[in-house]
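The values are calculated or read from the model by the stated rules, or taken from the named source; none is laboratory data. What you are looking at is a predicted structure, and each value in this text was computed from that prediction instead of being measured. Ideal geometry is used to build each Cβ from the backbone, glycine not excepted, and the neighbour counts take in all protein chains shown.
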Amino acid sequence: MNKTIETLFSPALFPYLSEGVSGKQVVIIDILRATTTICVALDNGCKGMLAVSATEDSEVFRERGYLLAGERNGYKLEGYDFGNSPQEFTSEKVIGNSIVITTTNGTQALVMSKDAVKIWVSSFYNLTATVDAIVEMGLPVVLFCAGWKNRFNLEDSLFAGAMIALLQKRGFDIEDDASRAALSMYKDAGSDFSGYLANANHVQRFKSMHAESDLEVCLRTDVSKFAVMAQIREFLVNDRKVCAGELVQYVSGSVNLQ
């Protein structure tokens, strides 16, 4: 099968994806901040992590001993243990704990991708580790930008471009104009990601929330040696069926790829 790259700039475009995601691998991208936060939490020793799309789905897991993480419109949900800032998920807070997370954009895209052969959750934090895993899998890949409320955003698209640049060097070919546009953005940004994103809508939201320090964390590159896999599972909790992404770390060459 051809090793091709397609890019979705928004979940709203998902229904128009050529031939869907069946037979492909998907990379979920929500740089500010869900996919970065997931990578950080697992790297810092979180025992287990689930991602769900709805707040009511996350809350049923409290009785199973999970800590709750979540935000809507960038703000921590009332009564939850964590918001969505990667800086909250320190080793002291996450080691030995299981966490369920729900966010405005990223966790929605993850659940939408349930028909893919493999789902990866990626950020600058584990960029190269994810590329290594994608190459090892060897299937066509869809870079799924979570965007903001079904709209395009700069940071996810910039990251898609960075990933495309690495994948091209590893034998993958661009399939669509969205991927060409993302790659062009990455080349325009050069090494100054922070400067390129200075006027991005989500960065402006960070300023209004006094959360500017999160941007620095979210743009750190290749801190982790682990890719993150998501397996969509259906849980029965208190007679309620909940669809969730079970998140685990993966190192290329491990036995748990399939």
Over region 77-87, the set of residues under 18 Å from the mean Cα position of the chain (by Cα) and surrounded by fewer than 17 Cβ atoms within 10 Å (Cβ to Cβ) is 87
Filter region 1-49 down to residues that are buried (at least 24 other Cβ atoms within 10 Å of the Cβ), aliphatic (A, V, I, L, M) and either within 27 Å of residue 85 (Cβ to Cβ) or within 11 Å of the chain's Cα centre (by Cα) (or both), then give me how many there are. 12
Which residue, of 236, 247, 219, is free of Cβ contacts under 8 Å to residues at least 40 places away in the same chain and not charged (D, E, K, R)? 236
Is there a residue being more than 29 Å from residue 61 (Cβ to Cβ), of a type outside the set (Val, Ile, Thr) and buried (at least 20 other Cβ atoms within 10 Å of the Cβ) anywhere in region 205-218? yes
Which one is surrounded by the fewest Cβ atoms within 10 Å (Cβ to Cβ) among residues in region 53-73 that are within 16 Å of the chain's Cα centre (by Cα) and within 20 Å of residue 93 (Cβ to Cβ)? 71
Qualifying residues in region 195-216 (those that are touching a residue at least 12 places away in the same chain (Cβ under 8 Å) and among the acidic types (Asp, Glu)) - the one nearest to residue 124 (Cα to Cα): 216
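For (1) crowded, with 19+ Cβ neighbours inside 10 Å; (2) touching a helix residue (DSSP H, G or I) at 6+ places or on another chain (Cβ under 8 Å), each residue gets a yes or a no:
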position: 139; (1), (2): no, no
position: 144; (1), (2): yes, yes
position: 147; (1), (2): yes, yes
position: 163; (1), (2): yes, yes
position: 166; (1), (2): no, yes
position: 173; (1), (2): no, no
position: 182; (1), (2): yes, yes
position: 194; (1), (2): no, yes
position: 198; (1), (2): no, no
Log entry, pairs with first residue in region 124-136 being modelled with pLDDT of 95 or more, second being acidic (Asp, Glu) and surrounded by fewer than 20 Cβ atoms within 10 Å (Cβ to Cβ), beta carbons closer than 8 Å, six or more apart or on different chains, reads 124/222; 125/222; 126/222; 127/222; 128/222; 129/222
